[in-house]
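Asks: After the C-alpha cells below, expect a handful of questions from me.
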Amino acid sequence: MAATVSTVIGLGSSSLSSPSRVSAPKPTSLTSGFLKSTVTVRNPLKQAHASGGKYTCSFQRDWLRRDFNVIGFGLIGWLAPSSIPAIDGKSLTGLFFESIGAELAHFPTPPALTSQFWLWLITWHLGLFICLTFGQIGFKGRTEDYFEK
C-alpha cells in the first residue's frame, strides 16, 4: 500500500496524508469581523483595591418595599370615592361592574372598541393605581421619616 496525498477541494493547500507524515499542529490565527478582538475587556464596576476587587452596590434589593397595609388601605381609599353616585346618579364602580356584566352576556365575543366598558375600565384602574402610588409614597415616607423637618 502506498501512502497517497490528496488535496481537499475548498481547503486550498490543505492536504490529507497518511499518519506517518503528520507533523505538530500549527496554531491557527484567524481574523474576521465576526470574531472578538484579543483586547482584554475591563469591567467598569470593578475598581482596583475597592472592597477586595468585588463591586459594591448601594441599590436596595427590596426596592418595592411591598407592604400589604398600603394595598389594603389604597383599595379601600379608592373604592370609597369611586362608589359615590356622581355620574347620572350612578357610581364609577357601579358603571364599571355593570359594563362587565353586559360584556359577559355575550362572552365569546370580545367587547367592541366603541363599548363604554373600555372607558370605565381605564378610568377605574387609573384611579386605583394613582391611589396606590400616592399611598405607597405617603406610607413609606412617613415610616422612614421622609417628611420630617
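Asks: Note down all Cβ pairs under 7 Å where the first residue falls in the range 87-111 and is of a type in the set (Phe, Trp, Tyr), the second is assigned to a helix (DSSP H, G or I) and surrounded by 13 or more Cβ atoms within 10 Å (Cβ to Cβ), and they're at least six residues apart or on different chains.
Replies: 96/120; 96/121; 96/124
Asks: Sticking with this structure for a sec: Please name all residue pairs, on different chains or six or more residues apart, with Cβ atoms under 6 Å, provided the first residue is in the range 61-80 and is within 19 Å of residue 94 (Cα to Cα) and in contact (Cβ under 8 Å) with a residue 40 or more places away in the chain and the second residue is surrounded by 11 or more Cβ atoms within 10 Å (Cβ to Cβ) and not charged (D, E, K, R).
Replies: Short answer, once both residue conditions are applied: 74/131; 74/132; 74/135; 77/131; 78/127; 78/128; 78/131.
Asks: Further, regarding this structure: Quick one: in the range 135-149, of everything that is over 15 Å from residue 63 (Cβ atoms) and in contact (Cβ under 8 Å) with a residue 40 or more places away in the chain, which residue is most open to solvent (accessible area, probe 1.4 Å)?
Replies: 139
Asks: If I ask for residues that are out of contact with any helix residue (DSSP H, G or I) (no Cβ under 9 Å at 6 or more places or on another chain) and among the aromatic types (Phe, Trp, Tyr), which ones from the range 106-128 would you list?
Replies: Matches in the range 106-128: 107 only.
Asks: Something else about it: So residue 103 clears everything in (1) open to solvent by 80 Å² or more (accessible area, probe 1.4 Å); (2) at pLDDT 90 or above; (3) under 32 Å from the mean Cα position of the chain (by Cα) except one condition, right? Which one?
Replies: (1)
The values are calculated or read from the model by the stated rules, or taken from the named source; none is laboratory data. Just so it is clear, the structure is predicted and the values come from calculations on it, not from any experiment. Using ideal geometry, Cβ is built from the backbone for each residue, glycine included, and neighbour counts are taken over all protein chains shown. Quick note on the areas: whole protein, heavy atoms, side chains included, nothing else; ligands and nucleic acids left out. Shrake-Rupley method; radii C 1.70, N 1.55, O 1.52, S 1.80 Å.
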